[in-house]
Amino acid sequence: MVIYIMSNSETSLPANNFIRQIVREDLQAGRCQKVITRFPPEPNGYLHIGHAKSICLNFGLANEFNGVCHLRFDDTNPTKEEQEYIDAIKHDVEWLGFHWTGSMCHASDYFEQLHKWAVYLIKQGKAYVCDLSPEEARIYRGSLHEAGKNSPYRNRSIEENLDLFARMKNGEFKDGEKVLRAKIDMASPNMNLRDPILYRIRHAEHHQTGNQWCIYPSYDFTHGQSDAIEGITHSICTLEFEDHRPLYEWFLDNLPVPSKPHQYEFARLNLNYTITSKRKLKLLVDEKYVDGWDDPRMSTISGFRRRGFTAVAIRDFCERIGVGRADAIVDLGVLEFCIRENLDANAPRAMCVLKPLKVVITNYPEDKIEILELSRHPKNEQLGKRQLPFEREIYIDQNDYNENPPKGYKRLIPEGEVRLRGSYVIKAEKAIKDAQGNIVELHCSYDPKTLGKNPEGRKVKGVIHWVPAKQSIPCEVRLYDRLFKSANPEKTEEGGSFLDNINTQSLVVLKGCRAETSLAEASLEDRFQFEREGYFCLDSKDSKPEALVFNRTITLRDSWGQ
């Protein structure tokens, strides 16, 4: 099922959803006095667009009900986590417009307490040290259709388990040699309750705790207890954790935790033409299919930001698609609609010629320069005006002149006329070609009576953009498009990979472009509509004042229409 949400309605009130209703009812019934939520990413990669939905939900609920929201890193696997990811996540959350309550938290802040609770479970006879290898453990675990069987180490004495766990902590065993498991039910129909792992041995330096620990708690053992320590009232996660909820509750019921949060699940964001698996996103980065986690074609928040998407548009998108329980696929066009709508209303206009063709206006005086005044936005006078010199030599786009025009072509043709945006009507008189027959220069005449006026006695339908040849600035323009050519990148021929669906035209680099001089003052926060070309921004990584690089955020119209 594909959801198309193309509402143009504007409202300051957030749309209702079942979690918002639960929170409201909990407050009204006195089941909680203050809403406390959290956003708990694992710092093993950059955040993607699906995380944006979770960020908006958790922080949005806290804001709406005058509660608080924590930013907590569930950092239980030092072999896959990096400080770079933590810094990027913090930046993404702040860029989206949200602020966490108090200090930033880490699950590693609670390692001492988690260790004490693990010892508590051992003393209660509810946890044991297991020597099964990972391969053996998989066999003993059974399957969805077959019950598991007890580990031969399940009935070790409490004293032996305490001793072995202490020795695990002291670094006496190799990675994977032993694990600590909860003693629950190997015959449970819920695979997550079949004696899950609580602690693994990992002789790895942790980005927060250094070499203090060589045993690390599992995500399942860490997550709920961290929620309890922080007093989370509504632990909100995606539907794939629904089967983990009984384990979440088992830990809370069998440990002396300070509070008992409740877990609620909602449908994750599934976006077509998109990959959101961190493992696959990392593969794209590591194998150089893209230019890092913030490549503008990536589905990461950093990638969307570098491409020119605004936080307002992403928040609007998350609000439009809503929060539900049913899994569905959202059309990427909805997100693109949101950014077009936002930029159409707010982005100043400018002109940039992507494929310059030199035009000499033969009847315009060689030493004359006129300063034309053009609006920065046709519907927002508060953005003011910009000045553009008009001179004898200008650039137009190569695609705006055609000697053999197709039907319906309304641009420049031999002996034909066209209006230059905000300027005069010109007429094509002669095309200068090189030895290969390529047009390298165009000679035109202009009608001096058509500045701001229609020509007398004839109609000119076409309007094209342009820049002055001498008083324009060189730049590079990168035309970004969807990274995948298939709506379902995972769907491939037998033996294929999602990599087979990469769109080879997802990035086209144009050098030697020419832009009006007003763009020389652009900042990284600015967004522009390049007239007739799309919406653009400066590239935050490669653009320099002496060598401007513009990224295309989105085309003016949807070229991927269903």
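The values are calculated or read from the model by the stated rules, or taken from the named source; none is laboratory data. None of these values were measured; they are calculated from a predicted model. Note that we place each Cβ from the backbone using ideal geometry, even for glycine, and neighbour counts take in every protein chain shown.
Remarks
- Of the residues screened, Cys352 is one that is surrounded by 21 or more Cβ atoms within 10 Å (Cβ to Cβ), under 30 Å from Val440 (Cβ atoms) and within 29 Å of the chain's Cα centre (by Cα).
- Boolean, Asn501 is buried (at least 19 other Cβ atoms within 10 Å of the Cβ), without any contact (Cβ under 8 Å) to a residue 40 or more places away in the chain and farther than 22 Å from Pro389 by Cα: yes
- Test: residue in the range 103-118 that is in contact with a His (Cβ under 6 Å, 6 or more places away or on another chain) and in contact (Cβ under 8 Å) with a residue 40 or more places away in the chain: yes
- Restricting Arg532, Arg552, Arg514 to residues that are within 30 Å of Asp331 (Cα to Cα), buried (at least 20 other Cβ atoms within 10 Å of the Cβ) and in contact (Cβ under 8 Å) with a residue 40 or more places away in the chain narrows the list to Arg552.
- Failed criterion for Asp185 (all others in (1) surrounded by 19 or more Cβ atoms within 10 Å (Cβ to Cβ); (2) among the acidic types (Asp, Glu); (3) free of Cβ contacts under 8 Å to residues at least 12 places away in the same chain hold): (1)
- Of all residues in the range 305-328, those that are under 25 Å from Phe528 (Cα atoms) have Cβ atoms under 8 Å from Cβ atoms of residues that are acidic (Asp, Glu) and crowded, with 18+ Cβ neighbours inside 10 Å, 6 or more apart or on another chain, in Arg305/Asp92; Arg305/Asp294; Arg306/Asp294; Arg306/Asp295; Arg306/Asp539.
- Of the residues making up the range 437-470, those that are within 46 Å of the chain's Cα centre (by Cα), loosely packed, with under 15 Cβ neighbours inside 10 Å and either at pLDDT 95 or above or closer than 15 Å to Asn402 by Cβ (or both) are Gly437, Asn438, Val440, Glu441, Lys461, Lys470.
- Among residues of the range 190-202 that are free of Cβ contacts under 8 Å to residues at least 40 places away in the same chain, those with a beta-carbon under 8 Å from a residue that is assigned to a strand (DSSP E or B) and of a type in the set (Val, Ile, Thr) at least six positions away or on a different chain give the pairs Ile197/Val179; Arg200/Val179; Arg200/Ile215; Ile201/Val179; Ile201/Ile215.
- All positions within the range 123-170 that are surrounded by 17 or more Cβ atoms within 10 Å (Cβ to Cβ) and in contact with a Gly (Cβ under 8 Å, 6 or more places away or on another chain): Tyr140, Arg141, Gly148
- Out of Val418, Val360, one residue alone is surrounded by 13 or more Cβ atoms within 10 Å (Cβ to Cβ), outside any loop (DSSP other than H, G, I, E, B) and more than 43 Å from the chain's Cα centre (by Cα). It is Val360.
- Residue selected from the range 535-549 under the condition assigned to a loop (DSSP other than H, G, I, E, B) and of a type in the set (Ser, Thr, Tyr), by the criterion surrounded by the most Cβ atoms within 10 Å (Cβ to Cβ): Ser543
- Residue within the range 462-480 that is aromatic (Phe, Trp, Tyr), touching a residue at least 24 places away in the same chain (Cβ under 8 Å) and assigned by TED's automatic domain parsing to the domain that holds Cys537 present: yes
- In the range 474-494, the residues that are assigned to a strand (DSSP E or B) and crowded, with 17+ Cβ neighbours inside 10 Å: Cys475, Glu476, Val477, Arg478, Leu479, Tyr480, Phe484
- Residue that is surrounded by the most Cβ atoms within 10 Å (Cβ to Cβ), among those in the range 226-265 that are outside any strand (DSSP E or B) and either assigned by TED's automatic domain parsing to the domain that holds Ala118 or among the hydroxyl-bearing types (Ser, Thr, Tyr) (or both): Ser226
- Test for Arg421: is it touching a residue at least 60 places away in the same chain (Cβ under 8 Å), touching a Lys or Arg at 6+ places or on another chain (Cβ under 7 Å) and either over 25 Å from Lys358 (Cα atoms) or not small (Gly, Ala, Ser) (or both): no
- Candidate set: the range 363-388, residues that are free of Cβ contacts under 8 Å to residues at least 12 places away in the same chain and assigned to a helix (DSSP H, G or I); chosen: the one surrounded by the fewest Cβ atoms within 10 Å (Cβ to Cβ): Gln382
- Selection within the range 168-182 - acidic (Asp, Glu) and in contact (Cβ under 8 Å) with a residue 12 or more places away in the chain: Asp175, Glu177
- Test: Ala345 is under 30 Å from Asn17 (Cα atoms), surrounded by fewer than 21 Cβ atoms within 10 Å (Cβ to Cβ) and free of Cβ contacts under 8 Å to residues at least 60 places away in the same chain: yes
- Checking Ser523 against (1) at pLDDT 95 or above; (2) in contact with a strand residue (DSSP E or B) (Cβ under 6 Å, 6 or more places away or on another chain); (3) within 23 Å of Lys379 (Cβ to Cβ); (4) not assigned by TED's automatic domain parsing to the domain that holds Asn399, the condition it does not meet: (2)
- In summary, Glu205 fulfils each of the numbered conditions (1) surrounded by fewer than 21 Cβ atoms within 10 Å (Cβ to Cβ); (2) closer than 30 Å to His145 by Cα; (3) in contact (Cβ under 8 Å) with a residue 40 or more places away in the chain with the single exception of condition (2).
- Considering only residues in the range 400-415 that are of a type in the set (D, E, K, R) and surrounded by 15 or more Cβ atoms within 10 Å (Cβ to Cβ), the one that is farthest from Ala350 (Cα to Cα) turns out to be Arg411.
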